[in-house]
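First the structure, in the form of C-alpha cells, and then the observations on it.
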Amino acid sequence: MNFVYILKCSDNTLYTGWTNNLIKRLNAHNSGKGAKYTHSRIPVELIYFEILETPIEAQKREFYIKKHLTRAQKIDLIEKAENGYKCLNNNVLTAQEPIPLKYFITKNIKAN
C-alpha cells in the first residue's frame with residue numbers, strides 16, 4: 001500500500017508527499033527529519049491522504065498535486081475527499097496502531 005498525503009504545516013502552508021508507511025512518515029516529519037520544507041515548519045498535521053497500489057502511481061499522483069494544483073485546488077480536493085480521506089483527528093495516529101477508518105471521511109467507504 002502506498003500513500004499520497006497532504007500536511008498542514010505550522011505556518012499554515014501545505015506540503016504534499018508520498019510514502020509506503022504513512023504513520024512512520026508523519027512521525028519523521030514531526031521530528032524534523034521528514035523533508036527540508038517541513039523541518040522548520042513543525043508541528044505538521046496530516047489533513048488528507050489517498051491510497052494507491054504502486055509506488056509509481058503514488059509518485060505520479062504526488063507530482064500532479066504538487067505541480068498542477070493551486071493551493072485553492074488542493075483545499076477543494078481535501079474538502080471534497082472524492083479520491084481519498086480527509087482527516088478528522090490527527091491525534092489518533094501513532095506508530096503503534098493502524099489507522100482507524102472512523103477518523104476519516106470519504107465518499108467511497110462507509111463504516112460497518
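Since every read-out is calculated from the coordinates, none of them should be taken as a lab result. What you see is a predicted model; the values in this text were computed from it and never measured. Positions of Cβ are backbone-derived with ideal geometry, glycine not excepted, and every protein chain shown enters the neighbour counts.
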task = State the extension gain, in nm to one decimal, for the chain segment bounded by T54 and K66, taking 0.36 nm per residue of separation less the distance between their alpha-carbons.
result = 2.5 nm
key: Net charge over other residues, Cβ less than 14 angstrom from the Cβ of T38 (K, R count +1; D, E count -1)   = +4
Under-5 Å amide H pairs with L52, H placed in peptide plane, nonlocal only = N2, F3, V4
